[in-house]
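The values are calculated or read from the model by the stated rules, or taken from the named source; none is laboratory data. It should be emphasised that the depicted structure is a prediction, and the values quoted were computed from it without experimental measurement. When we count neighbours, we look across all protein chains shown, and the Cβ atoms used for this are built from the backbone with ideal geometry, even at glycine.
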Amino acid sequence: MEAKPCFISLIDHNDRPLLVFVAKDENTGNDVEFKFNTFSNMALDYFSSDLYEWMNTSQENREIKDLFQLEGVAVYGKLVKQTSLKIVVGFWSQSECGHETLGRVFNEISRLYVRCKFNPFLESNEDLIEQLQKTLSERF
């Protein structure tokens, strides 16, 4: 069984969260949503740290960083340098999450973001967030 993320956070170049998506299996209340929102904010500290460039999960996926593990959630991050988009993904610690799975999940999130961002029918940032929420809900 492939590990599925319990939350996905997309943070723009100004360090403002675009979206904190909680997987439908995990949405058990405001406490869980608040916890994942807090984890997303904590991840920002790792992105701004000088040590960020030195952390990595493996030689193959050098851009995916193992940020921290807290309250049973392993949090990983990726900085898309061209746009300064920060992608933060959390997995339950007990789930088997290998390097290949991480790479696949981050690549899929990046692809979905680009597809939504460059949709010519979206007129505002609110439309983008709504489309991202819908797209991530369908996939995760």
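A search for C-beta distances below 6 Å between a residue of segment 30-43 that is more than 17 Å from F68 (Cβ to Cβ) and without any contact (Cβ under 8 Å) to a residue 40 or more places away in the chain and any residue that is of a type outside the set (D, E) and surrounded by 15 or more Cβ atoms within 10 Å (Cβ to Cβ), counting only pairs 6+ apart in sequence or on different chains, returns E33/V22. Comparison of L122, L112 shows that the only residue that is among the hydrophobic types (A, V, I, L, M, F, W, C), more than 21 Å from N41 (Cα to Cα) and assigned to a loop (DSSP other than H, G, I, E, B) is L122. Check segment 66-74 and report whether any residue there is under 23 Å from R139 (Cβ atoms), within 15 Å of the chain's Cα centre (by Cα), surrounded by fewer than 16 Cβ atoms within 10 Å (Cβ to Cβ) and at pLDDT 90 or above. Checked segment 66-74: no residue is under 23 Å from R139 (Cβ atoms), within 15 Å of the chain's Cα centre (by Cα), surrounded by fewer than 16 Cβ atoms within 10 Å (Cβ to Cβ) and at pLDDT 90 or above.
Among residues of segment 81-103 being in contact with an Asp or Glu (Cβ under 8 Å, 6 or more places away or on another chain) and more than 24 Å from E33 (Cα to Cα), the one that is surrounded by the most Cβ atoms within 10 Å (Cβ to Cβ) is G103. Return yes when D50 is charged (D, E, K, R), without any contact (Cβ under 8 Å) to a residue 12 or more places away in the chain and over 15 Å from F7 (Cβ atoms) and no when it is not. Spelling it out, D50 is indeed charged (D, E, K, R), without any contact (Cβ under 8 Å) to a residue 12 or more places away in the chain and over 15 Å from F7 (Cβ atoms). Considering segment 5-41, and only residues there that are hydrophobic (A, V, I, L, M, F, W, C) and in contact with a Pro (Cβ under 9 Å, 6 or more places away or on another chain), the residue that is nearest to V114 (Cα to Cα) turns out to be L10. Scanning segment 12-64 for residues that are among the aromatic types (F, W, Y) and more than 16 Å from F140 (Cβ to Cβ), we see that the one that is modelled with the highest pLDDT is F39.
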